[in-house]
1. State whether one or more residues within the stretch A:78-89 are closer than 20 Å to residue B:45 by Cα and under 13 Å from the mean Cα position of the chain (by Cα).
2. Give the stretch B:63-73 a look and list any residue that's more than 25 Å from residue A:92 (Cα to Cα) and under 10 Å from the mean Cα position of the chain (by Cα), or say none.
3. Do we have any residue at all in the stretch A:15-38 that's basic (Lys, Arg), within 12 Å of another protein chain (Cβ to nearest Cβ) and without any contact (Cβ under 8 Å) to a residue 24 or more places away in the chain?
4. Within the stretch A:10-24, is even one residue surrounded by 20 or more Cβ atoms within 10 Å (Cβ to Cβ) and under 23 Å from residue B:38 (Cα atoms)?
5. Looking at (1) within 23 Å of residue A:111 (Cβ to Cβ); (2) surrounded by fewer than 16 Cβ atoms within 10 Å (Cβ to Cβ), which is the only condition residue B:84 fails?
6. Please work out which one of (1) β-branched (Val, Ile, Thr); (2) at the interface with another protein chain (Cβ under 9 Å from one of its Cβ atoms); (3) at positive phi is the condition residue A:80 fails and give its number.
7. Can you tell me which residues in the stretch A:90-117 are surrounded by fewer than 18 Cβ atoms within 10 Å (Cβ to Cβ) and closer than 19 Å to residue B:44 by Cα?
8. Filter the stretch B:57-75 for residues that are in contact (Cβ under 8 Å) with a residue 12 or more places away in the chain and part of a loop (DSSP other than H, G, I, E, B); which is farthest from residue B:25 (Cα to Cα)?
Amino acid sequence: ETGVTQTPRHLVMGMTNKKSLKCEQHLGHNAMYWYKQSAKKPLELMFVYSLEERVENNSVPSRFSPECPNSSHLFLHLHTLQPEDSALYLCASSQDLGAGAFQETQYFGPGTRLLVL
Amino acid sequence: TQLLEQSPQFLSIQEGENLTVYCNSSSVFSSLQWYRQEPGEGPVLLVTVVTGGEVKKLKRLTFQFGDARKDSSLHITAAQPGDTGLYLCAGGRAGGFKTIFGAGTRLFVKA
């Protein structure tokens with residue numbers, strides 16, 4: 001148990017569906033992240049929020065829409081996805097952004113396994 | 001282009017064997033982390049190394065940061081089935097908040 005929860009754990013959706021992924025952290029952290037993990041590829045950073053403000057949108061298609069209503073919750077809204085969007089979507093949090101000399105420790109949730117048909 | 005190359009991509013060994021996995025880059029990092037990800041879970045931090053040449057030990061795991069801070073290795077002594085998982089290295093740069101991840105080494109330890 002890392003203190004970061006994600007729901008749902010598994011999701012199957014058609015290309016015309018709209019769904020949302022939810023992430024909640026119970027660690028009192030100020031920064032939250034969405035990553036995409038595909039087989040044999042490095043984790044891809046999608047979005048970063050610090051104190052509820054988006055600080056990074058890493059060239060992610062507009063069919064992915066993040067929302068951070070407060071420092072404990074992060075959502076990823078999905079619409080008109082493509083089959084190549086099938087992957088494990090990981091949420092993470094860290095105490096702060098870690099823009100100093102060293103990396104912050106990121107605490108990951110278990111992920112949502114997404115399959116787009 | 002991957003900034004962090006991990007090798008091997010996959011490793012299957014018998015319980016009790018020793019192994020080393022590598023994380024290499026042409027870029028300098030201010031710090032480097034190793035995470036382990038078990039099936040059905042997210043990555044969990046094992047260690048952070050920050051000084052060139054630094055060696056850290058965590059029970060049977062030994063982590064080393066290269067002198068030039070461009071590479072790192074993870075050595076496991078007497079591997080156990082509980083060591084099975086995906087080992088990810090991740091690099092950070094001073095003044096930046098992005099962490100660069102490698103694609104990982106998937107380790108399977110057979111009983």
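Read-outs: derived from the displayed coordinates by stated rules, not from any lab. The structure displayed is predicted, hence computed values, not measured ones. We place every Cβ from the backbone using ideal geometry, glycine too, and count neighbours over all the protein chains shown.
1. For the stretch A:78-89, residues closer than 20 Å to residue B:45 by Cα and under 13 Å from the mean Cα position of the chain (by Cα): present.
2. The answer is B:64, and nothing else.
3. No, because not a single residue in the stretch A:15-38 is basic (Lys, Arg), within 12 Å of another protein chain (Cβ to nearest Cβ) and without any contact (Cβ under 8 Å) to a residue 24 or more places away in the chain.
4. yes
5. Of everything listed in (1) within 23 Å of residue A:111 (Cβ to Cβ); (2) surrounded by fewer than 16 Cβ atoms within 10 Å (Cβ to Cβ), residue B:84 misses just condition (2).
6. (2)
7. A:95, A:96, A:102, A:105, A:113, listed by residue number.
8. Looking at the filtered set, the residue picked out is B:60.
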